[in-house]
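Only one structure is covered here, and it is reproduced in the block below.
The values are calculated or read from the model by the stated rules, or taken from the named source; none is laboratory data. Everything numeric in this text was worked out from a predicted model, so none of it was measured. As a convention, Cβ positions derive from the backbone with ideal geometry for all residues, glycine included, and neighbour counts pool all protein chains shown. Areas reflect the complete protein model, heavy atoms only, side chains present, ligands, DNA and RNA absent. Shrake-Rupley method; radii C 1.70, N 1.55, O 1.52, S 1.80 Å.
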Amino acid sequence: MSRDSGVSTRGRRIRIGVGLAAAMTIAVPCALFAASWITVNDLTPRRLRTLAGKGDRMLVVTAHPDDEIVMAGTLAIAAASGASVALHCFTRGEASRSAQWRGRTGADQIGAAGLADIRHEELRRSAAALGLGSVSIGTWVDGTLASHVDELVQELEGVIREWRPTLVVSLDDALGLYGHPDHVASAAAARRAVLGARAAGHGLRLFQATLPTRQVSLARRFSPVFQRASAEAGATPPTPTTCVSIARAARRKLAAIDAHATQRAVMQDVQPLLGTIPRPLYFRVFSREYFARVL
């Protein structure tokens, strides 16, 4: 073998080695990403590009400012797709026990009424980030909704008459995402109000935001809120029938999350991996929002 031939062979081996190293550099992260995505997502529900589009009128019903975050990507996509999206929130969230808020200088002096005003403004900023067309907020005392479901239904019936939605979206009325009584009550009121509208001849659809089994298991493993509340509630969220891919709305959803500055600690508790996984990657892994169509 000539010297030139030996050099050529070594060169080919080096190029092959470099190529394999480069391929592994790409393949390993891709494999880890794929494994992570499969671990937290459910492929069974029907995947929609948007829950509502041009000509649709979507009414979102929540208990507190920041409850919209669980479906924020879907709301942003619906608004960007031409749907008119309105949000009705029953309380101003003045009973928040966010450690981050309570630790702020002057929080005691501001009090519950001051916090209510701040959270109301945070909701408006979140809605603006998502492109929502209308926001209304009730005057119910935070933490008391379970005692006023009949009145909540009457309030929603008025909102439905005024807004004339084609679909309503709420949290679920079995677990309220993670067991919060106000969440359950607001969702129960939404179901009853939609049933009343349907009985009167309006073809309203009702979707409830929910989580797939894999994400519930993950939440119960890492989130103290889910661990406590779901165990106390003794219920499970409804099985998803529909999901929306939200990766393209990630920036808007993050802007909505950031709008709720007083609730960052709460959101970190509910979504503990949000502070662990780099933000640009988080909504590539948790890239779907899930819903159960119940009516």
Inside segment 137-156, can you point out the residues that are assigned to a helix (DSSP H, G or I), open to solvent by 70 Å² or more (accessible area, probe 1.4 Å) and either over 13 Å from ASP182 (Cα atoms) or in contact (Cβ under 8 Å) with a residue 40 or more places away in the chain (or both)? ASP150, GLU151, GLN154
Could you tell me which of the residues GLY201, GLY158 is under 28 Å from ALA259 (Cβ atoms) and either in contact with a helix residue (DSSP H, G or I) (Cβ under 6 Å, 6 or more places away or on another chain) or of a type outside the set (A, V, I, L, M) (or both)? GLY158
Condition check for VAL194: outside any helix (DSSP H, G or I), within 21 Å of THR74 (Cα to Cα) and of a type outside the set (D, E, K, R): no
Within segment 259-280, residues being in contact (Cβ under 8 Å) with a residue 60 or more places away in the chain and assigned to a helix (DSSP H, G or I) number 9
Which residues, counting only those in segment 162-184, are touching a residue at least 40 places away in the same chain (Cβ under 8 Å), in a helix (DSSP H, G or I) and more than 18 Å from the chain's Cα centre (by Cα)? TRP163
Only one of (1) within 23 Å of ALA78 (Cα to Cα); (2) crowded, with 18+ Cβ neighbours inside 10 Å; (3) out of contact with any Phe, Trp or Tyr (no Cβ under 8 Å at 6 or more places or on another chain) does not apply to GLY203, and that is (2)
State which residue is least open to solvent (accessible area, probe 1.4 Å) when the search covers only segment 240-295 and only residues that are charged (D, E, K, R), within 20 Å of LEU177 (Cβ to Cβ) and more than 11 Å from the chain's Cα centre (by Cα). ASP269
Give me the residue from segment 197-218 that is in contact (Cβ under 8 Å) with a residue 12 or more places away in the chain and in a helix (DSSP H, G or I) and, out of that set, nearest to TRP163 (Cα to Cα). ALA197
One residue is enough: does segment 235-250 have a residue meeting the conditions without any contact (Cβ under 8 Å) to a residue 12 or more places away in the chain and not acidic (Asp, Glu)? no
Sole miss for GLY111 among (1) on the phi > 0 side of the Ramachandran plot; (2) in contact with a Leu (Cβ under 6 Å, 6 or more places away or on another chain) is condition (2)
Which is open to solvent by 20 Å² or more (accessible area, probe 1.4 Å) and polar (S, T, N, Q), of SER223, SER217? SER217
Open to solvent by less than 20 Å² (accessible area, probe 1.4 Å) and in contact (Cβ under 8 Å) with a residue 40 or more places away in the chain, is that true of VAL159? no
